[in-house]
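These notes are about the structure you will find just below.
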Amino acid sequence: MAAYTPMIQQYLQVKADYKDAFLFFRLGDFYEMFFDDAIKASQELEITLTSRDGGSTERIPMCGVPHHSAAQYIEQLIEKGYKVAICEQVEDPRQAKGVVKREVVQLITPGTVMEGRGLNEKENNYLASISIFADGTYGFAYNDLSTGENRVALLTGAFDEVLNELSISGAKEVVAASDFPDELQRKIRERSVVTLSIEDDTTEAEGNQHLLKNLDQPNMIQTVTRLLNYLYRTQKRSLDHLQPVVPYEIQQFMKIDYYSKRNLELTETIRSKGKKGSLLWLLDETKTAMGGRLLKQWVDRPLISREGIERRHSLVETFLTHYFERQDLREKLTEVYDLERLSGRVAFGNVNARDLVQLKRSLWQIPAIKQLMASLPNESAVTLAEQLDPCEEVTDLLERALVENPPLSLKEGNIIQDGYNEELDTYRDASRNGKSWIAQLEREEREKTGIKSLKVGYNRVFGYYIEITRANLHLLTNDQYERKQTLSNAERFITPELKEKEALILKAEEKIVELEYELFTEIRERIKEYIPNLQGLAKRISELDVLQCFATVSEERHYVKPQFSEERRIHLVDGRHPVVEKVMNAQEYVPNDCHMDNEREILLITGPNMSGKSTYMRQVALTAILAQIGCYVPAAEAVLPIFDQVFTRIGAADDLISGQSTFMVEMLEAKNAITNATASSLILFDEIGRGTSTYDGMALAQAMIEYIHDRIGAKTLFSTHYHELTILDESLPRLKNVHVSAIEQNGKVVFLHKIKEGAADKSYGIHVAQLAELPQEVITRANEILLTLEDKEVEPKQHIPTRKAVGELSDQTKPELEQLPKSEPKPNPEPSIIEDAQLSFFAELEHPKKKDKDLDSKERKVIDQLKELNLLDMTPLQAMNTLYELHKKVKS
Ligand code: ADP
Ligand code: MG
């Protein structure tokens, strides 16, 4: 260390406190990085790596970015999940003795972004904290630094609940204690939270009491305090815009777990992970950024309180019946800027004059919005109107203080209006008088000398001067002029009087810039006092925005107001899938009904591929979700229960992207649904069991249906390609068969997408192949094979074991499985490795055909190895390779 120069020593000292961040070390006009930081940053940012002498024998790797364009580099690093510590010179280099004093002034992290590209205007940017308590419960808190929003919940269930909250919040960074278990860290990382940060300090900071006023549980306070301490530690300034923490309970909202949200594509699509094509995309007719963010929050958390839902519906209804008021409101809302984030920037101290002009223009809209809302015949609308605070003092201040089009910079003047401040007016007078004196001088000197092209100019180096072209020099007789600068075709002169005025003007202008900055800071401080009012206003405006958005979408797409049934009845007439309907555009979407009640709890849906089974199931779930977020629904008539949870499970088929063993995932998801669902839940099982061989898949599907029927009683839509299951309606009284019809026209299948009562009569697979225009030879041959297979086939229905008695299911499952044939008849005597593997995993290991003693040591080893495998940690490719190795071992 001693070998390094004092500056590098200083660098190393600062860096020691910020090991997990890039240290942007201010050197003159650059931020420099050294050592490993420099090497890594030069790769990540694609900037040149250089080196410098640092006093030791070896040169030190170095790279840097100019301070004026640092923002874009910082954003790039943050987007990749890194942190950046900004280290500034904190004393004037001219006054410094030795090395200039430097300090980190802010640690920018993915969860604490305040501005720039990293901040999507229609999405919150959350930082979360997680605490683990001795009794096995968890605390979960989150904050959006840009808006000041804070929330906290205590979670008593498994860690999955924490993961769910994490994915709902979409937090980019998680703060936890240093002893946070590795296993849980791994689970968090899997949910694409990229940054994990450590904060052990949970002692309450003074001055935080107002933030904690809504909390009475020590565990909540501890979780929040961890979060706040991390914020203060990284931001190193007062954060006056932080809002009092709102405690919430996950039981207040409809529970939609991570898998279901993903499958239903509520806020992003599965394929592109983008918003386009999601339910949120369909709904987003909001006019403000704040409204856009609230809409996403509402879609993420549908309500379960009937009162809360019906309040939203009644406001949507009022907006629908008052078309002109709604249009008027929409127009006004387009003029309302992001009050929430503006308030945040006011508190943070990085608001500029243009922001404040936007604030003023936004506030101008409020009185009219207030009046408009008060005029509506709806109690909730009138209440909302009363709560809208136009913050007149702020508007008044801004109107008096700021010019209409101020520059971005606060250090150039031209921000404050004339008449706002006497002292400023005096300086401005002086400056203006000086300038008009100079204009006067120019006129006079032209007259005196007779040189028409004589002019008075200004530059930074020489100040004001009189310029005379070379051609006219001979006309000059005035000996008061003092030569100052010679140009190729002109001479520049000054006079003592000119210099005197110049001093006055420059002095005045310097004062003006200084004073304007001071006045602006004062204004900002005064507006700070109104931050809670502005935040309250922002909340109500965003709510109005989302409600008008619901009305707009409902009108455009002909949605109806749903009624709620206490008897858990579903009655949908002409229901549609909201997104598919929109995307299909001009093409005809075929509407479908759905009727379910206490006698019809499970619908078993059969029908050919591509007939519309998945679409139908999703449309029911999306309709329920739309209803419970307070929107109207895509149907002609709608009666629905209020669902506590929605589960969507898709049979794994071709989802190779996720890199997990798909059938295992399918089973884990199914388990999660079956163990958590209640009679008030909605379950969608879409071709569950498809990921394994026919008989296991069918057996599992049947066992699950029976379990739901007997033990849970949740409303369930179960689509399947196992025709054999349709016989279940004989043993399960509350299960009904429906099918999606298709007709044959000229030997081809035509999908009608229409749901009908009863089971589908055949499976149309070959017809679909024909539709796909496979060669006629293949089709004909397939038809022949099908005939022989159908001849040979033992009526599968005879193999479906019927249940003995309700309530003995768990004991029955095993013997039933064993009664099933172990494998399908295969034309190929040597089964393919994949099918073989599935059978051995699910059948042979459980119910070995060979007794253990029959196995040779090689086989036993392979089985042991199989048991050891952690399938969830393997990619499909690794699984294939492992399988290949194992296969080779037993074969050789
Ligand atoms: P399945 O699950 O039976 O294989 P899908 O639900 O995936 O079928 O539907 C296949 C395609 O059929 C969809 O992509 C959609 O384009 C179309 N489709 C589904 N339902 C309808 C409908 N009700 N009206 C019109 N087209 C539909
Ligand atoms: Mg499907």
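The values are calculated or read from the model by the stated rules, or taken from the named source; none is laboratory data. These numbers were taken from a predicted model, which means no experiment stands behind them. We place every Cβ from the backbone using ideal geometry, glycine too, and count neighbours over all the protein chains shown.
Residues that are more than 19 Å from Lys261 (Cα to Cα) and more than 16 Å from ligand 2 (Cβ to nearest atom): does segment 640-651 have at least one? For segment 640-651, residues more than 19 Å from Lys261 (Cα to Cα) and more than 16 Å from ligand 2 (Cβ to nearest atom): present. Tally time: how many residues in segment 111-141 are closer than 23 Å to Glu161 by Cβ and either modelled with pLDDT of 95 or more or touching a strand residue (DSSP E or B) at 6+ places or on another chain (Cβ under 9 Å) (or both)? Residues in segment 111-141 being closer than 23 Å to Glu161 by Cβ and either modelled with pLDDT of 95 or more or touching a strand residue (DSSP E or B) at 6+ places or on another chain (Cβ under 9 Å) (or both): 16 in total. The residues of segment 602-626 that are part of a strand (DSSP E or B), more than 29 Å from Trp298 (Cβ to Cβ) and within 16 Å of ligand 2 (Cβ to nearest atom), listed by number, are Leu604, Ile605, Thr606.
If only residues of segment 471-488 that are aliphatic (A, V, I, L, M) and in a helix (DSSP H, G or I) are counted, the one that is nearest to Ile505 (Cα to Cα) is Leu473.
Of the residues that make up segment 448-470, is at least one among the hydrophobic types (A, V, I, L, M, F, W, C) and either under 30 Å from Asn350 (Cα atoms) or in a helix (DSSP H, G or I) (or both)?
From segment 448-470, those among the hydrophobic types (A, V, I, L, M, F, W, C) are 451, 454, 456, 461-462, 466, 468; that's our starting set.
So of that shortlist, the ones also either under 30 Å from Asn350 (Cα atoms) or in a helix (DSSP H, G or I) (or both) come out as none.
No, because not a single residue in segment 448-470 is among the hydrophobic types (A, V, I, L, M, F, W, C) and either under 30 Å from Asn350 (Cα atoms) or in a helix (DSSP H, G or I) (or both).
Would you be able to tell me the number of residues in segment 677-714 that are of a type in the set (Asp, Glu) and within 16 Å of ligand 2 (Cβ to nearest atom)? Steps first, please.
Narrowing segment 677-714 to residues of a type in the set (Asp, Glu): 686-687, 696, 706, 710.
The next check asks that each one be within 16 Å of ligand 2 (Cβ to nearest atom); those that pass are 686-687.
Count: 2.
Surrounded by 13 or more Cβ atoms within 10 Å (Cβ to Cβ) and either modelled with pLDDT under 90 or among the small types (Gly, Ala, Ser) (or both): does that describe Thr449? Spell out how you get there, then give the answer.
Working: surrounded by 13 or more Cβ atoms within 10 Å (Cβ to Cβ): yes; either modelled with pLDDT under 90 or among the small types (Gly, Ala, Ser) (or both): yes.
Answer is yes for this residue.
Among the residues of segment 533-564, which ones are among the small types (Gly, Ala, Ser) and touching an Asp or Glu at 6+ places or on another chain (Cβ under 7 Å)? Answer for segment 533-564, where residues must be among the small types (Gly, Ala, Ser) and touching an Asp or Glu at 6+ places or on another chain (Cβ under 7 Å): Gly536, Ala538.
Just to be sure, is Met617 near ligand 1 (Cβ under 9 Å from one of its atoms), of a type in the set (A, V, I, L, M) and crowded, with 24+ Cβ neighbours inside 10 Å?
Details: near ligand 1 (Cβ under 9 Å from one of its atoms): yes; of a type in the set (A, V, I, L, M): yes; crowded, with 24+ Cβ neighbours inside 10 Å: yes.
Answer is yes for this residue.
A residue that is at pLDDT 90 or above and either within 60 Å of the chain's Cα centre (by Cα) or acidic (Asp, Glu) (or both) occurs somewhere in segment 467-477.
Listed by position, the strands (runs of 3 or more DSSP E) enclosed by segment 109-196 that each have at least 2 residues that are within 21 Å of Pro244 (Cβ to Cβ) are 126-132, 138-144, 149-155.
For segment 461-490, a residue qualifies if it is more than 23 Å from Gly434 (Cα to Cα) and in contact with a Leu (Cβ under 8 Å, 6 or more places away or on another chain), and exactly one does: Asn472. For Asn143, the conditions (1) over 30 Å from Thr875 (Cβ atoms); (2) surrounded by fewer than 22 Cβ atoms within 10 Å (Cβ to Cβ) all hold with the exception of (2).
It is to be established whether one or more residues within segment 281-293 are among the aliphatic types (A, V, I, L, M), assigned to a loop (DSSP other than H, G, I, E, B) and within 21 Å of the chain's Cα centre (by Cα). Give the steps one after another, and end with the answer.
First, pick out the residues of segment 281-293 that are among the aliphatic types (A, V, I, L, M): 282-283, 289-290.
Filter again for assigned to a loop (DSSP other than H, G, I, E, B), leaving none.
Within segment 281-293, not a single residue is among the aliphatic types (A, V, I, L, M), assigned to a loop (DSSP other than H, G, I, E, B) and within 21 Å of the chain's Cα centre (by Cα).
Of the residues in segment 627-643, none is among the small types (Gly, Ala, Ser), modelled with pLDDT under 95, assigned to a loop (DSSP other than H, G, I, E, B) and crowded, with 20+ Cβ neighbours inside 10 Å. Where helices (runs of 4 or more DSSP H) fall wholly inside segment 301-362, the ranges with 3 or more residues that are farther than 23 Å from Gly630 by Cβ are 339-348.
Scan segment 82-97 and give yes if some residue there is under 23 Å from Ile188 (Cα atoms) and not aliphatic (A, V, I, L, M), otherwise no. Scanning segment 82-97 turns up at least one residue that is under 23 Å from Ile188 (Cα atoms) and not aliphatic (A, V, I, L, M).
Please find, among Ile688, Ile708, Ile683, the residue that is of a type in the set (Val, Ile, Thr), within 38 Å of the chain's Cα centre (by Cα), within 16 Å of ligand 1 (Cβ to nearest atom) and surrounded by 18 or more Cβ atoms within 10 Å (Cβ to Cβ). Step through it out loud before you land on a result.
On the way: Ile708 fails: within 16 Å of ligand 1 (Cβ to nearest atom); Ile683 fails: within 16 Å of ligand 1 (Cβ to nearest atom).
When all the criteria are applied, what remains is Ile688.
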